[in-house]
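What follows is a set of notes on a single structure, which appears directly below.
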Amino acid sequence: MRPALPFVTLVAVVALVACGSAPPPPPAPPAAPVRAARPHRPGMAMSSELGQLDAAQVDATFQGLLPQLSACLERGARANELLSGHAKLFVRIGQDGRARWAYLVESTLGDRDTERCMLESARRASWPPPEGGEGQAQKAFDFDLAADARPPVAWEPARVRAALEAARPKLAACGPLAGATVTLYVGTDGAVTAAGVAPRDEKGEGAIDCAADVLRALKLDSPGSWPAKVTARLD
């Protein structure tokens, strides 16, 4: 069974914000030269707190990442043919056009290796330099199974609540994970075959590898004759 080619669906508009300059000073007296206001350019998003990013250029950068993100998914699917789900990349962009940091603000992929591969691609990319401060951009993607593929059994979060609660001390030792979303694939024997985590913010990214190791060690109930998938939030 092979998953469908990824990125059949791209969702969410690029969200653009930036860290920026204070409001302009009041106009000088008539005798002094006054700088004319720069007109707003189409495709720009402005904020009193952040600088400016060109929406078209940012979207083009995300589009240019698609082959690399597809390769990440294809590699993950070799180990887990059920790999699919939703992911939303969030990138903080410095004024030099380099990613300062990136994390998955949303993810139901459920495979940390695939998620890490995608994040590394975003961090290596050359982004359009923001004007007036640092910028932020985000875009969401949906990765579908092949049309003839049998999806995993969908579990409700309550099926894994007790196991996550028992693992709370180990997860807490990994770092700040409160509010993170975890996604697990559960084999027919109850073993967690793959795990992924979407942190609440960029501060949780450093704890994800440790958390994925803890989650993969969980022993859950058997879903029966076909693997299951579940997404739950950490309290």
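The values are calculated or read from the model by the stated rules, or taken from the named source; none is laboratory data. All values reported here derive from a predicted model rather than from experimental measurement. Cβ coordinates were reconstructed from backbone atoms using ideal geometry, including for glycine residues, and neighbour counts include every protein chain displayed.
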Collect the residues in the range 100-116 that are within 14 Å of the chain's Cα centre (by Cα) and over 18 Å from residue 215 (Cβ atoms), keeping them in residue-number order.
-> 101, 102, 105
If you go through 146, 154, the only one that is aliphatic (A, V, I, L, M), touching a residue at least 60 places away in the same chain (Cβ under 8 Å) and either loosely packed, with under 14 Cβ neighbours inside 10 Å or touching a His at 6+ places or on another chain (Cβ under 8 Å) (or both) is 154
Output for Cβ contacts, cut-off 7 Å, separation at least six or different chains, first residue assigned by TED's automatic domain parsing to the domain that holds residue 125 and touching a residue at least 24 places away in the same chain (Cβ under 8 Å) in the range 54-73, second among the small types (Gly, Ala, Ser) and assigned to a helix (DSSP H, G or I), reads 65/121; 65/122; 68/121; 69/121; 72/121
In the range 113-150, which residues are under 19 Å from residue 229 (Cα atoms) and either of a type in the set (Lys, Arg) or in a helix (DSSP H, G or I) (or both)?
-> 113, 114, 115, 150
Has the range 35-44 got any residue that is of a type outside the set (Lys, Arg), modelled with pLDDT of 90 or more and under 19 Å from residue 130 (Cβ atoms)?
-> no
On the given criteria, is residue 77 surrounded by fewer than 21 Cβ atoms within 10 Å (Cβ to Cβ) and in contact (Cβ under 8 Å) with a residue 12 or more places away in the chain?
-> no
Quick one: what pairs do we get from the range 182-207, first residue outside the structural domain of residue 160 (by TED's automatic domain parsing), second part of a strand (DSSP E or B) and at pLDDT below 95, C-beta under 9 Å, 6+ apart or different chains?
-> none
Among residues of the range 168-190, those that are of a type in the set (Val, Ile, Thr), within 19 Å of residue 114 (Cβ to Cβ) and touching a Pro at 6+ places or on another chain (Cβ under 9 Å), counted | 2
Is it the case that the range 166-184 has a residue that's of a type in the set (Lys, Arg), surrounded by 22 or more Cβ atoms within 10 Å (Cβ to Cβ) and either touching a helix residue (DSSP H, G or I) at 6+ places or on another chain (Cβ under 8 Å) or modelled with pLDDT of 95 or more (or both)?
-> no
With respect to residue 162, is the statement that it is in contact with a Cys (Cβ under 8 Å, 6 or more places away or on another chain), of a type in the set (Gly, Ala, Ser) and modelled with pLDDT of 95 or more true?
-> no
Within the range 191-216, how many residues turn out to be at pLDDT below 95 and more than 16 Å from residue 116 (Cβ to Cβ)?
-> 3
Some residue of the range 155-164 being more than 23 Å from the chain's Cα centre (by Cα) and either farther than 24 Å from residue 87 by Cα or not assigned by TED's automatic domain parsing to the domain that holds residue 212 (or both) | yes
Taking the residues in the range 80-108 that are free of Cβ contacts under 8 Å to residues at least 40 places away in the same chain and in a loop (DSSP other than H, G, I, E, B) as candidates, determine which candidate is farthest from residue 179 (Cα to Cα).
-> 96
